[in-house]
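Colleague: The structure follows.
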Amino acid sequence: MERLQPPELSVQQGVYVVRLNEQFSHLYENMLERLQIITGLAESAVPPRVVVDMQHVQFVGSALLGFLMTAHRRLAERDAGRFGICGLNTFCRTALGVAKLNEILELFDTVDQAVQSLTADTNGDTT
């Protein structure tokens with residue numbers, strides 16, 4: 001079995017973007033340790049804006065849903081904290097919908113849309 005690589009991290013317009021690679025196509029509880037970068041950013045990112053790109057994720061379980069909510073809560077507790085998720089396939093978007101997380105989490109189709117939305121209030125854009 002191939003060693004699990006950490007997610008790729010970049011910064012776009014002051015938003016931390018965590019990209020999950022193909023190795024995260026099926027996210028199980030035993031893989032969450034490799035995603036601690038997300039909760040770390042939720043606690044320490046300046047500015048407190050994080051997007052998780054899940055375009056390669058094909059399956060999510062309840063452990064990941066709980067993990068995403070933890071990251072969301074940690075960012076929501078911070079002044080101007082925002083947390084976005086993008087690139088969800090139909091199955092993953094449905095899983096979030098069944099759990100009603102689509103009503104809590106900010107979901108976007110692409111990284112660019114997420115970054116634009118999460119930076120809108122800092123650019124003087126009031127739309």
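Colleague: Distance in nm between label sites at Y28 and E77, each 7 Å beyond Cα in the beta-carbon direction?
Modeller: Going by the 7 Å Cα→Cβ label model, 3.1 nm.
Colleague: So what are the radius of gyration and Dmax for the Cα set of region 8-120, in Å?
Modeller: Over region 8-120's Cα set, Rg and Dmax evaluate to 12.6, 36 Å.
Colleague: Percent relative contact order of the chain, based on C-alpha pairs within less than 8 angstrom and at least six residues apart? Write down the numbers at each step before the final one.
Modeller: On the way: 200 pairs, mean separation 30.6, N = 127.
Relative CO of the chain lands at 24 percent.
Colleague: Using DSSP, restrict attention to beta bridges with both residues in the chain and report what percent are antiparallel, rounded to the nearest 5.
Modeller: Roughly 25 percent of the DSSP beta bridges within the chain come out antiparallel.
Colleague: Given Cβ point charges of +1 (Lys, Arg) and -1 (Asp, Glu) and nothing else, what value in debye, to the nearest 20, does the dipole of region 8-120 about its Cα centre take? Could the numbers behind the result be given before it?
Modeller: Numbers: 9 positive and 12 negative charges, 34 e Å.
About 160 debye.
Colleague: Of H72, H56, how do they rank once you tally other Cβ atoms within 10 Å and put the fewest first?
Modeller: On the way: H72 21, H56 14.
Going from least to most buried by this count: H56, H72.
Colleague: Please name whichever of C86, V111, L101 sits farthest to the positive end of the charge dipole of the chain, dipole taken about the Cα centre and charges placed at Cβ: Lys and Arg +1, Asp and Glu -1.
Modeller: Of the candidates, L101 comes out farthest on the positive side.
Colleague: Shifting gears a bit: Could you rank the peptides 78-91, 22-35 by their average count of other C-beta atoms within 10 Å per residue, with the highest value first?
Modeller: The densest-packed peptide leads the list: 78-91, 22-35.
Colleague: Once you order the gyration tensor axes a ≥ b ≥ c over the Cα atoms, which shape class does region 61-124 get: rounded for a/c under 1.5, otherwise prolate or oblate by comparing a/b with b/c?
Modeller: Oblate shape, in that a/c is at least 1.5 and b/c is the bigger or equal ratio.
No lab work stands behind these numbers, since they all come straight from the coordinates. Remember, predicted model here, so these are calculated numbers, not experimental data. When we count neighbours, we look across all protein chains shown, and the Cβ atoms used for this are built from the backbone with ideal geometry, even at glycine.
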